[in-house]
Amino acid sequence: PETITIQELANRMSERGVDVIRLLMKQGQMHKITDVIDADTAQLVAEELGHTVRRVAESDVEEGLFDTPDMDAENLVSRPPVVTIMGHVDHGKTSLLDAIRQTNVVSGEAGGITQHIGAYQVTSPLGGKITFIDTPGHAAFTAMRARGAKVTDIVVLVVAADDGVMPQTAEAVAHAKAAGVPLIVAVNKIDKPNADPQRVRTELLQHEIVVESLGGDTLEFEVSALKRTGLETLLEGLQLQAEILDLRVDAGRSAEGTVIEAKLDRGRGPVATVLVQRGTLRPGDIVVAGAEFGRVRALVNDQGGMVKEAGPSVPVEVLGFNGTPEAGDRVAVVESEARAREITEYRSRVKRERQAARGGAAAGRTLAEMM
Ligand code: GTP
Ligand code: MG
């Protein structure tokens, strides 16, 4: 059932909490400011105090924010694929990403110059662009999916040739299948003397991944992140796979995207790395992400440069949020600050109420455990 705290109700009417409490008292109800009342009671109180009540459902507030149809077929442009690298611990995901980026993040960071943004774009030898997301792991991937954020077009499954299919390899396969995302196999560490790529292929069969050399249709590449071999062929393969997917979106519409990561930067305030998925994001746009909103002050690309716009599949750091959103939050541009406020206030309230409900449940569990 819909509920609201007395404090929240008072805030939204710009009334004093004590006046709400007094009014309820007149009706024979004793309450503290932190008490929760149901929506019908809240409506009576508000009307009694001379306010007009408009009860909004989530569907109303969120309406038209996401997945609104693209305008015209003729506005559709092809966009780069968004690729996520997954695989078992230590199989070389980060090394592969770094090798592809051809900058050694570790040595760069030692100099204290490079700022690491969790997503970047490269150009394949065939000329097409490819966006890579450096997700911290499967948990983040799952969290994003749980929030309805589908960001990945292709999963690259990294399997170390000297170690073979391991538990998290199998997990990654399951994630990709559940998300309906095509998977490409990168057999890594083939430079190692004990590398056995054939074993990787046969082990993958148990997870219903049949690679090309075994007569299946899953693309496979042998690579060495360490020696930087096989990377160009992998990038070509990714571009070809993307061409089959025929990824097209409207670049002209207002932007939609997803927060890949976000942090509170000492000098710059809240900084959110956003993957733009449709439309084009520009400074001055009013954006909402989860329970936060802001006016875009600046956009910073994966090279650390300021840009005037970010189109589909482009990852950018967005400066200007009033608070720090969360990874997996979906981003949308709205027409006014009033609308942004309406949406984010609604979401914060829902969030608070859910947390309060969870807190109660947790306390209950603890009590039960003590008995
Ligand atoms: P987590 O993030 O901990 O899951 O690991 P990861 O999958 O990102 O692996 P990471 O890139 O950190 O590599 C793990 C170890 O394998 C490091 O010591 C790398 O130097 C080594 N390594 C990665 N790729 C290769 C390769 O192609 N050949 C060899 N010989 N070693 C590699
Ligand atoms: Mg890593």
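So here's what we get for this one:
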read-out	value
Residue match in region 162-172 (condition: assigned to a helix (DSSP H, G or I), at pLDDT 95 or above, surrounded by 15 or more Cβ atoms within 10 Å (Cβ to Cβ) and charged (D, E, K, R))	no
Selected residue [basic (Lys, Arg) and at negative phi] from Arg248, Arg228	Arg248
Scope region 297-309; condition surrounded by 19 or more Cβ atoms within 10 Å (Cβ to Cβ) and either within 25 Å of Tyr346 (Cβ to Cβ) or touching a Lys or Arg at 6+ places or on another chain (Cβ under 8 Å) (or both); matching residues	Leu299
Qualifying residue in region 199-209 (condition: at pLDDT 95 or above, of a type in the set (Val, Ile, Thr) and assigned to a loop (DSSP other than H, G, I, E, B))	yes
Region 254-266 - residue that is of a type outside the set (A, V, I, L, M) and open to solvent by 30 Å² or more (accessible area, probe 1.4 Å) and, of those, farthest from Leu319 (Cα to Cα)	Ser254
Strands (runs of 3 or more DSSP E) completely within region 240-301 that count 2 or more residues being among the polar types (S, T, N, Q)	269-278
Any hit, region 41-51, residues being modelled with pLDDT under 85 and either open to solvent by 90 Å² or more (accessible area, probe 1.4 Å) or touching a Ser or Thr at 6+ places or on another chain (Cβ under 7 Å) (or both)	no
His91 vs. criteria at pLDDT 90 or above, touching an Asp or Glu at 6+ places or on another chain (Cβ under 7 Å), within 16 Å of ligand 2 (Cβ to nearest atom) and not β-branched (Val, Ile, Thr)	yes
Number of the exception - Asp265 against (1) more than 16 Å from ligand 1 (Cβ to nearest atom); (2) closer than 30 Å to Arg282 by Cβ; (3) in contact (Cβ under 8 Å) with a residue 24 or more places away in the chain	(3)
Options Gly215, Gly290, Gly294; residue that is among the small types (Gly, Ala, Ser) and open to solvent by 40 Å² or more (accessible area, probe 1.4 Å)	Gly215
Subset of region 99-129 (residues that are open to solvent by less than 60 Å² (accessible area, probe 1.4 Å), within 13 Å of ligand 2 (Cβ to nearest atom), modelled with pLDDT of 50 or more and within 20 Å of Val300 (Cβ to Cβ))	Gly118
Residue within region 136-158 that is in contact with a His (Cβ under 6 Å, 6 or more places away or on another chain), modelled with pLDDT of 80 or more and either more than 18 Å from Gln303 (Cα to Cα) or within 16 Å of ligand 1 (Cβ to nearest atom) (or both) present	yes
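The values are calculated or read from the model by the stated rules, or taken from the named source; none is laboratory data. In this text the structure is predicted, and so the values were computed from the model without any measurement. Virtual Cβ from ideal backbone geometry, glycine too; neighbours counted across all protein chains shown. For accessibility, only protein heavy atoms count, side chains too; no ligands or nucleic acids. Shrake-Rupley method; radii C 1.70, N 1.55, O 1.52, S 1.80 Å.
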